[in-house]
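J.: I'd like to ask some things about the structure below.
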Amino acid sequence: MTLGIVLAAGTPAASLPTGTGEALADRLAAQWRRAGVAEVRVAADLYELADLADRSDGPVLVSAADLVAHTAVLRHLLTSPVGASVALVLTDPPTGGRTAVREERGQVVDAGPAQRLAEAGTGVFGGAVRVARDEVPALVTAARAAAAGQPPTGAAGAGQPPPGAAGAGQPPTGAAGPSGTATDVAGPAVDQLFAGLTAAGVRIMAHRVRLLVAHRVDDAAGLAGTEAAVAAVDEDRAELRLSVKERDDFFTTYFVSTWSPWVTKACAKLGLSPTGVTILSVGFAVAAAALFATGGRPALVTGAILLYLGFVLDCVDGQLARYTRNFSAWGGWLDTMADRAKEYLVYAGLGWGATAAGVRYGWALAIAAITLQTVRHMTDAWYGVLHDEAARRPKSVGTGGGGIGDRLNAASTRVQADTGSVSYWLKRTVVFPIGERWALIALAAALFDQRVALLAVLTWGVLAFAYTGALRTLRARWMRVSVLDTVDAVLHRDDGPLAARLPLLRRPGALDWLVPAALRAVEFLFAIAVGLLGGAPLWLIFGYLFVLTLHHYDLVARLEKRQPAPPLHAATLGWEVRSALLALAAIAGFVSIGLATLGFYLLVLFVASVVLAWFVRPAQAARVPAGAGGRARI
């Protein structure tokens with residue numbers, strides 16, 4: 001249960017009368033209740049806030065009493081799935097001593113007075129932050145430190161401006177100078193608290209406001225103006241538009257999102273859940289794959305149409321989740337797994353259909369496609385981890401050299417900022433995102449045949465892989481950040497008992513983010529080679545690789561959410577033991593039996609692991625009586 005705390009300390013606007021006659025702080029507390037906070041308390045000062053938070057057994061939401069916003073803004077912050085701890089970030093000027101923030105990849109990496117952050121600031125703290133249960137002790141400590149006038153302390157690099165920025169080399173926010181006086185004027189209590197929480201190293205994601213209204217006010221004139229702005233916006237219409245991602249790929253933006261919100265609205269009226277829509281999209285993709293396997297122009301055209309509609313539903317499930325604020329860990333995991341499973345089932349349908357049409361290497365093309373796309377996805381996921389880790393490090397790491405990595409980073413930032421330009425769309429399209437992949441498959445299959453569709457996917461995929469691989473490698477060397485030492489490397493490399501002891505694979509470095517993808521490529525290529533040398537049917541080789549992808553994408557989904565290992569993970573043996581078993585099967589002359597047996601074994605483990613992780617263990621945790629101590633982990 002989330003505890004909401006409205007902090008009135010240092011906020012003169014808290015007692016201002018609103019248009020409904022009640023005090024601003026009281027109306028805000030009522031809004032938080034309507035947004036879904038079970039218990040809302042008003043704290044007079046930081047000491048009281050610390051005591052309330054210390055007694056809480058769940059997440060804590062802290063809000064300034066000067067915040068005026070749509071209730072939808074508060075609900076969005078409360079239910080935001082971007083991270084465990086999330087803060088409201090506005091574009092307002094940081095007046096009245098309010099805390100400025102610096103964000104990178106959606107994460108708040110620094111917070112302090114605007115004078116210190118200077119041009120590095122990307123926004124201002126919006127006066128509300130949701131703190132995860134595990135981070136509540138840090139919130140309590142930061143509140144008591146701020147109440148006692150102590151400067152924010154904690155994570156290395158936190159609270160320091162980038163080299164060369166105004167304020168670089170100066171003491172952090174609130175730090176005492178040589179004379180013993182604070183170098184920064186203290187702002188409102190909630191802003192001091194947020195600066196301390198950020199400096200303590202708590203990972204806080206930023207929640208931006210679009211289309212709706214949210215401002216912090218200082219006086220009656222500001223309150224009246226903001227209330228008028230709130231009343232001028234159709235809240236439901238804005239929420240429907242907000243269900244569409246702010247930035248998406250070209251095909252999705254112009255050929256799906258132009259009409260998918262109406263489908264989203266219809267699904268909401270019918271009472272469909274995002275998970276239900278995900279399952280529908282899987283059904284459309286399976287039907288498309290079956291039609292591609294059947295062959296013939298009518299089947300290919302119908303399959304292309306179903307594939308497009310399946311992709312629309314794939315977008316609608318996320319839009320429906322955002323529109324109804326119906327998020328769940330299970331739904332997010334299922335969406336990630338379904339996306340990959342659907343795509344690879346379509347590859348299988350194309351390979352089957354091409355082979356049936358007389359193309360000798362139809363299944364070979366499908367095998368090449370699933371291998372290429374899996375390795376690409378692994379590099380994408382781990383490059384994201386690299387970027388997130390670089391954002392958490394001090395900006396002096398790997399910067400300032402003016403080399404090619406520096407120039408590439410600056411060029412990428414300029415292009416991303418030029419939304420809607422030709423260069424912007426080229427950059428987003430050349431990487432061959434999922435919308436473009438599905439559109440290419442649908443068009444190539446409808447206009448030509450299955451072989452052309454697979455060849456088109458491979459050609460564009462190889463070019464995209466070469467482009468992204470080269471540029472990301474250069475930028476990674478510029479960042480000089482290792483990532484394998486920040487996660488359970490044995491788990492995410494998918495090491496077995498032998499590989500876990502190899503010192504070579506345990507060495508961190510600027511390019512260690514490539515290791516997991518390289519290991520996936522080695523295992524896939526070895527299985528393909530064993531299958532070909534052993535005379536195994538190509539469809540069986542593809543099936544074995546498909547089962548491996550389920551296992552590996554499960555690990556990627558857990559990596560992105562920083563979740564622990566799936567149940568029964570140790571029983572999956574590790575990449576090196578699986579490869580050794582296939583080698584033994586080849587020596588014994590039973591390659592097909594080996595592939596089928598090992599693939600079936602891994603599939604059974606995967607299904608059992610899913611049932612345990614998402615159904616059995618949560619049900620067991622729900623039966624644990626309140627106060628029994630501890631929390632179940634899944």
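The values are calculated or read from the model by the stated rules, or taken from the named source; none is laboratory data. These numbers come from a predicted model, not from an experiment. Virtual Cβ from ideal backbone geometry, glycine too; neighbours counted across all protein chains shown. Surface accessibility is based on the protein's heavy atoms, side chains included, excluding ligands, DNA and RNA. Shrake-Rupley method; radii C 1.70, N 1.55, O 1.52, S 1.80 Å.
J.: Kindly count the pairs of lysines across the chain whose alpha carbons are less than 26 Å apart, treating pairs on different chains or eight or more residues apart as eligible.
T.: Here the count comes out as 10.
J.: I need to check one value: relative contact order of the range 441-585, counting alpha carbon pairs closer than 8 Å and at least 6 residues apart, in percent.
T.: Answer for the range 441-585 is 26 percent.
J.: Kindly sort Asp512, Asp234 by accessible area of their heavy atoms, largest first, with the probe set to 1.4 Å.
T.: Asp234, Asp512
J.: So, R0 is 35 Å and r is the distance between the beta-carbons of Ile279 and Arg562; what FRET efficiency does that work out to, to 0.05?
T.: 0.85
J.: Follow-up question, since we're still on this one. In terms of solvent-accessible area of protein heavy atoms at a 1.4 angstrom probe, what is the ranking of Arg493, Arg55, Arg360, highest value first?
T.: Correct descending sequence by accessible area is Arg360, Arg55, Arg493.
J.: Take every Cα pair under 8 Å in the chain that's 6+ residues apart, average their separations, divide by the length, and report that relative contact order as a whole percent.
T.: Relative contact order, the chain: 11 percent.
J.: Of Leu555, Ala622, Ile593, which is farthest towards the positive pole of the chain's charge dipole, taken about the Cα centre with +1 and -1 on the beta-carbons of Lys, Arg and Asp, Glu respectively?
T.: Comparing the listed Cα positions along the dipole, Ile593 ranks first.
J.: Still on this structure: Using the alpha-carbon atoms, what tilt in degrees (0 to 90, nearest 10) does helix 329-356 show relative to the longest principal axis of the chain?
T.: Rounded to the nearest ten degrees, it is 20.
J.: Please list, in chain and number order, the residues 5+ apart from Arg41 or on another chain whose amide H is under 5 Å from its amide H, with Hs placed from the backbone.
T.: For Arg41, the qualifying residues are Gly4, Ile5, Val6.
J.: Further, regarding this structure: Which peptide among 56-68, 421-433 comes first, and what is the full order, when sorted by highest mean count of other Cβ atoms within 10 Å?
T.: Those peptides, ordered most packed to least, come out 56-68, 421-433.
J.: Please report the accessible area of Asp92 (heavy atoms, 1.4 Å probe, ligands and nucleic acids excluded) in Å², nearest 10.
T.: Here the residue's solvent-accessible area equals roughly 40 Å².
J.: So, one more: In the chain, what percent of the accessible surface is made up of carbon and sulfur (1.4 Å probe, ligands and nucleic acids excluded)?
T.: That fraction is 63 percent.
J.: Let me spell out the model: positive unit charges on the Cβ of Lys and Arg, negative unit charges on the Cβ of Asp and Glu, origin at the Cα centre of the range 416-574. What dipole size does that give, in debye rounded to 20?
T.: 420 debye
J.: Also: What residues have an amide H closer than 5 Å to that of Val109, excluding those fewer than 5 places away on the same chain, when H is modeled at 1.01 Å from N in the peptide plane?
T.: Counting only residues 5 or more places away or on other chains, the set is Arg102, Glu103, Glu104.
J.: Please sort 24-36, 281-293 by packing, taking for each peptide the average over its residues of neighbouring beta carbons within 10 angstrom, highest first.
T.: 281-293, 24-36
J.: Could you put Lys342, Lys561 in order of accessible surface area, largest first, with the 1.4 Å probe and the full protein assembly present?
T.: Output order, biggest surface exposure first: Lys561, Lys342.
J.: Next question. For the range 433-577, just say rounded, prolate or oblate: build the C-alpha gyration tensor, square-root its eigenvalues into a ≥ b ≥ c, call rounded for a/c under 1.5, and beyond that prolate if a/b exceeds b/c, oblate if not.
T.: oblate
J.: For the chain, with only Lys/Arg (+1) and Asp/Glu (-1) charged at the beta-carbon, what is the dipole magnitude about the Cα centre, in debye rounded to 20?
T.: 1280 debye
J.: Further question on the same structure: Excluding Gly225 itself, calculate the net charge of residues whose Cβ lies under 14 Å from the Cβ of Gly225, where each Lys or Arg counts +1 and each Asp or Glu counts -1.
T.: -4
J.: Here is a further query. Convert each backbone phi in the range 612-618 into a coupling constant with the Karplus relation 6.51 cos²θ - 1.76 cosθ + 1.60 (shift: θ = phi - 60°), then list the ³J(HN,Hα) values in order as whole Hz, x for Gly and Pro.
T.: 5, 5, 9, 10, 5, 5, x
J.: Let me know the shape class of the range 1-40, please: from the alpha-carbon gyration tensor, a ≥ b ≥ c as square roots of the eigenvalues, rounded when a/c is under 1.5, otherwise prolate if a/b is greater than b/c, or oblate.
T.: Cα axes put the range 1-40 in the oblate bin.
J.: Keeping all protein chains in the complex and leaving out DNA, RNA and ligands, what accessible area do you get for Val233 with a 1.4 Å probe, in Å² to the nearest 10?
T.: For Val233, the solvent-accessible surface is approximately 40 Å².
J.: When only alpha-carbon atoms are used, what values of Rg and Dmax, in angstrom, describe the chain?
T.: That works out to 26.6, 86 Å for Rg and Dmax.
J.: Same structure again: So between Ala357 and Phe448, what do we pick up on full extension, going 0.36 nm a residue minus the alpha carbon distance?
T.: 31.5 nm
J.: Name the residue from Tyr424, Gln450, Gly435 whose Cα lies farthest towards the positive end of the charge dipole of the range 423-498, charges +1 on Cβ of Lys and Arg and -1 on Cβ of Asp and Glu.
T.: Among Tyr424, Gln450, Gly435, the one farthest towards the positive end of the dipole of the range 423-498 is Tyr424.
J.: Here's a follow-up. Send over a whole-number figure in Å² for the accessible area per residue of the chain, probe 1.4 Å.
T.: About 43 Å² of surface per residue is accessible.
J.: Taking R0 as 30 Å, what's the FRET efficiency between Leu426 and Leu533 from their Cβ-Cβ distance, rounded to 0.05?
T.: Here the calculated transfer efficiency is 0.10.
J.: Let me ask something else. Using a basic spin-label model with each label point 7 Å from the Cα along Cα→Cβ, how many nm lie between Arg41 and Arg241?
T.: Output for this residue pair reads 4.0 nm.
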